[in-house]
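Visitor: Have a look at this one before I ask anything.
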Amino acid sequence: MIIERNVPFMDALEAVADVKYLPYGEITPKAVADARALVVRTRNRCDASLLEGSDVTIVATATIGTDHIDLPWCAARGIEVANAPGSNAPAVAQYVFSSIARLINRPVSNYTIGIVGVGHVGSIVERWARSLDMKVMLCDPPRQRAEGGDMWHTLAEIAERADIITFHTPLTKEGPDATYRLADEKFFNSLRRAPIIINTARGAVVDNDAWVRAITAGVAGKAVVDCWEGEPNINLDLLRLSAIATPHIAGYSFEGKQRASQMALDAVCRHLGLPSLKVSGPAPKSVARSITLRGALDSYNPLDDTAALRSASDPALAFEALRNGYKLRPELDEKFSN
């Protein structure tokens, strides 16, 4: 079994399986040839070039997204793919509101927040926004079609009316709800309130070059960027212009990593017929039902991570080093809510 070295809390497997930990750059066709299970993060592209001819029958990614995995190819060859949906949702929501608290140092009840993608993360963002008496606009066409109701808004309506726009969609390139460059030149040109824009979804959900032009023109307001096109070779103009700029660590909480690793561990054990195992450390705490801006402010400061990325002489190298060596933070839980 091969486990990417930066996937934490997986040591329980060592008692029941032959485990080898490798940095992502050393997870090669030769390395995985005799492995039955592979546990990765987003940096490993899992497709024919890596897995063809190997003994791998399950790929478990300790991440929400699966766009680094060739799902049709794996399915055609009987390779199970497991991910960790929702595992880091509270941490990403914490990042969103900690950023808002840094950029808006006053009550937010008069602000309208547009939430694009109302899944695991977006639902928590919605709940916390309502607890702060913010006006909420929701955009999620698949949910709108499935559930109906009058609570939904188009992206165009959000562009016209929102003071803050935050993206929480997967990255998809096909179909009626494709999200690749969902925020494109047309979107930025339709903005009416120079909103704060936050991307903690996937880098390519937002056209980074168009974002730079919109900020420069004053059409878009303050930018909060955690996910970038072309990571780790990020857009240096966007890095310079952003109010908050971090190396894809919005979901990097201690509890979030625990949840993701537990999901990967469960999938591997189930697939290989191993006994159920628990990740190390205490069980994650419950997600806060409501928050305060003061609590968000006190729980995490994204400006520290911004300073670390901006101060680097080589942002690409720093991006990877800061991400891989990140000190996991505690989530925004009930103790910060009063």
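A quick yes/no check of all residues on (1) in a loop (DSSP other than H, G, I, E, B); (2) at pLDDT 95 or above:
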residue: Ala264; (1), (2): no, yes
residue: Arg270; (1), (2): no, yes
residue: Ala283; (1), (2): yes, no
residue: Ser286; (1), (2): yes, no
residue: Arg289; (1), (2): yes, no
residue: Asp304; (1), (2): no, yes
residue: Ala316; (1), (2): no, yes
residue: Lys335; (1), (2): no, no
residue: Asn338; (1), (2): yes, no
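Visitor: Give me the pairs: first residue in the stretch 11-32 and closer than 23 Å to Glu320 by Cβ, second residue open to solvent by 60 Å² or more (accessible area, probe 1.4 Å) and not in a loop (DSSP other than H, G, I, E, B), beta-carbon distance under 9 Å, and six or more apart or on different chains, which are they?
Guide: Once the first residue is closer than 23 Å to Glu320 by Cβ and sits in the stretch 11-32, its partners that are open to solvent by 60 Å² or more (accessible area, probe 1.4 Å) and not in a loop (DSSP other than H, G, I, E, B) give Pro29/Ser49; Ala31/Lys20.
Visitor: Against the definition (crowded, with 18+ Cβ neighbours inside 10 Å and in contact with a helix residue (DSSP H, G or I) (Cβ under 9 Å, 6 or more places away or on another chain)), how does Pro195 come out, yes or no?
Guide: Yes: the conditions hold for Pro195.
Visitor: Please find, within the stretch 260-280, the residue that is farthest from Ile64 (Cα to Cα) out of those that are surrounded by fewer than 14 Cβ atoms within 10 Å (Cβ to Cβ) and in contact with a helix residue (DSSP H, G or I) (Cβ under 8 Å, 6 or more places away or on another chain).
Guide: Out of the qualifying residues, it is Pro275.
Visitor: Here is a follow-up. Let me confirm something: among Ser99, Ser109, Ser87, which residue is within 15 Å of Ile291 (Cα to Cα) and part of a loop (DSSP other than H, G, I, E, B)?
Guide: Ser109
Visitor: Where residues in the stretch 44-61 are out of contact with any Pro (no Cβ under 9 Å at 6 or more places or on another chain) and assigned to a loop (DSSP other than H, G, I, E, B), which of them is nearest to Ala260 (Cα to Cα)?
Guide: Checked the stretch 44-61; the qualifying residue nearest to Ala260 (Cα to Cα) is Asn44.
Here's the yes/no breakdown for (1) open to solvent by 40 Å² or more (accessible area, probe 1.4 Å); (2) within 26 Å of Ala316 (Cβ to Cβ); (3) not acidic (Asp, Glu):
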{"position": "Glu14", "(1), (2), (3)": "yes, no, no"}
{"position": "Tyr21", "(1), (2), (3)": "yes, yes, yes"}
{"position": "Ile27", "(1), (2), (3)": "no, yes, yes"}
{"position": "Leu50", "(1), (2), (3)": "no, yes, yes"}
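Visitor: Go through the stretch 87-130 and give me each residue that's among the polar types (S, T, N, Q) and open to solvent by 10 Å² or more (accessible area, probe 1.4 Å).
Guide: Listed by number, the residues that qualify are Asn88, Asn105, Ser109, Asn110, Thr112, Ser123.
Visitor: For the subset of the stretch 141-155 comprising residues that are out of contact with any strand residue (DSSP E or B) (no Cβ under 7 Å at 6 or more places or on another chain) and either assigned to a strand (DSSP E or B) or touching a residue at least 24 places away in the same chain (Cβ under 8 Å) (or both), which member is surrounded by the most Cβ atoms within 10 Å (Cβ to Cβ)?
Guide: Per the criteria, the residue is Arg143.
The values are calculated or read from the model by the stated rules, or taken from the named source; none is laboratory data. Note that the coordinates shown come from a computational prediction; the quantities given were computed from them, not determined experimentally. With ideal geometry, Cβ positions are generated from the backbone for all residues, glycine too; neighbour counts draw on all protein chains shown. These accessible areas exclude ligands, DNA and RNA; they are computed on the full protein's heavy atoms, side chains included. Shrake-Rupley method; radii C 1.70, N 1.55, O 1.52, S 1.80 Å.
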